[in-house]
Amino acid sequence: MSETKGRAFLEAVSDEDCTAILDAVREERLTIPELSDDCDIPLSTAYRKVHLLQEADLVVEKNRLPKDCRPKNVYELDFDAAVVTMTEDGGFDVEFVDSPADRASYGRVSDRPLSLAGSD
């Protein structure tokens with residue numbers, strides 16, 4: 001993973017709104033208005049945070065085709081797990097792990113200690 005993407009990942013998981021969104025889309029695909037409601041954040045914030053998460057390759061946009069309506073963009077996780085390790089120079093390496101294991105077997109993103117994300 002590039003250093004830029006690793007930094008984007010670390011910034012995203014250290015942001016409370018981003019981790020709430022990641023937790024919400026871990027279980028099901030949601031629209032931005034649904035994320036705004038579920039995560040109790042303003043709609044404009046939800047749009048901005050989802051964009052950040054897309055830039056960090058953490059969520060991906062898909063289409064949901066309701067029976068009685070036009071397609072809606074929904075968002076889901078684009079990874080199963082991430083491993084963060086500290087490098088010898090004091091930086092961080094982030095490696096995404098693709099696992100066939102059920103996503104539900106991983107703990108909630110927001111329950112992870114923030115020190116893993118490089119902030120104390």
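Please treat every number below as a calculation from the coordinates, not as lab data. None of these values were measured; they are calculated from a predicted model. Here the Cβ is made from the backbone with ideal geometry for all residues, glycine too, and neighbour counts use every protein chain on show.
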- Residue that is nearest to V97 (Cα to Cα), among those in the range 3-33 that are in a helix (DSSP H, G or I) and β-branched (V, I, T): V13
- Note on the structure: Residue set R7, R70; condition surrounded by 14 or more Cβ atoms within 10 Å (Cβ to Cβ), without any contact (Cβ under 8 Å) to a residue 12 or more places away in the chain and out of contact with any Leu (no Cβ under 6 Å at 6 or more places or on another chain); output residue R7
- Query: Which members of the range 34-54 meet the condition of being farther than 24 Å from D80 by Cα and either among the aliphatic types (A, V, I, L, M) or in a helix (DSSP H, G or I) (or both)?
  - Reply: D37, I41, L43, S44, T45
